[in-house]
Amino acid sequence: MKDNLMTTPEHLPVPRRVLVATAATAATATTPGHAQAQPAPAAGAAVNPGAPSLSSVTLWVNGEARALNLDTRTTLLDALREHLQLTGSKKGCDHGQCGACTVMVGGRRIYSCLTLAVMHEGDEVTTIEGLGQPGNLHPMQAAFIKHDGYQCGYCTPGQICASVAMIEEIKAGNPSHVTADLTAAPEVTAEEIRERMSSNICRCGAYSNIVDAITEVAGRQA
Ligand code: FES
Ligand code: FES
């Protein structure tokens with residue numbers, strides 16, 4: 001261990017890493033740029049390192065401007081559910097693994113648990129509440145009911161938002177992992193639907209009926 005030890009004037013062994021750390025601290029403290037980046041708090045100023053950093057953001061949710069002042073760490077899902085009381089979007093895993101929180105932003109499906117609300121200033125967000133309401137259902141909502149595409153219903157808002165956006169992806173010609181011919185427009189087959197909807201888990205196993213519902217709506221739109 002001789003390499004890692006030095007001798008002080010008092011003849012005490014000092015680990016080299018301690019000396020390196022001490023030298024680095026001294027160099028940092030005397031670097032002008034560093035001192036500017038982290039100014040000392042003003043005398044008497046209250047410092048609360050645990051205080052949240054707030055930011056204002058305006059989201060266009062289901063066609064309406066909604067202004068919020070949020071902790072910058074707030075996910076889009078929590079902004080919708082906890083701040084706007086739009087509880088149709090569900091929190092399943094909160095880790096981007098189940099799809100229960102799927103909403104559409106700018107017409108594209110995303111996991112709202114994996115994105116921060118403050119990243120969506122001015123964005124158009126569509127939740128299940130914006131797709132349709134009782135008495136005025138979106139065709140996909142009606143098809144899920146007709147084909148019994150749910151049991152407990154917890155995954156259903158995410159399944160419906162995902163399937164509406166997914167049909168647009170097919171119509172736009174976006175291929176999937178199972179698209180055989182990348183030069184031809186993809187077709188709405190059961191295989192394509194299953195692959196493209198694999199981002200949304202249904203713990204009740206209503207998959208067959210979900211595919212039937214989506215097939216019917218996609219066929220109607222074709
Ligand atoms: S709650 Fe967002 S993916 Fe599961
Ligand atoms: S209907 Fe229960 S999880 Fe899908």
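Determine the sum of side-chain charges near Leu68: Lys and Arg each +1, Asp and Glu each -1, restricted to other residues whose C-beta is under 15 angstrom from that of Leu68.
Residues close to Leu68 contribute a combined charge of -3.
When only alpha-carbon atoms are used, what values of Rg and Dmax, in angstrom, describe segment 50-136?
Calculated on Cα positions, Rg and Dmax stand at 12.5, 47 Å.
Which residues in segment 154-186 place their backbone N less than 17 Å from a point set 7 Å from the Cα of Leu137 along the Cα-to-Cβ direction?
Of the residues in segment 154-186, 154-164 have backbone N under 17 Å from the label point off Leu137.
Using the Cβ atoms and a cut-off under 15 Å, what net charge is assigned to the surroundings of Ala190, where Lys and Arg are +1 and Asp and Glu are -1?
Once all neighbours under 15 Å are counted, the net charge is -4.
Compute the relative contact order of segment 132-222 as a whole-number percentage, counting only Cα pairs closer than 8 Å that sit 6 or more residues apart in sequence.
Value for segment 132-222: 42 percent.
Using a simple spin-label model with points 7 Å from Cα along the Cα→Cβ vector, what separation in nm is obtained for Ser55 and Leu114?
2.0 nm
Provide the gained length on full extension for the span Ala184 to Ala46, in nm with one decimal, where the gain is 0.36 nm per separating residue minus the Cα-Cα distance.
43.3 nm
Give me the net charge of Cys202's neighbourhood, meaning all other residues with Cβ under 13 Å from the Cβ of Cys202; Lys, Arg count +1, Asp, Glu -1.
Net charge around Cys202: +2.
Can you sort Arg196, Arg66 so the residue with the fewest Cβ neighbours within 10 Å comes first?
Going from least to most buried by this count: Arg66, Arg196.
FYI, it's all coordinate maths here, none of it is from the lab. Just so it is clear, the structure is predicted and the values come from calculations on it, not from any experiment. So basically every Cβ, Gly included, is an ideal-geometry build from the backbone, and we count neighbours across all protein chains shown.
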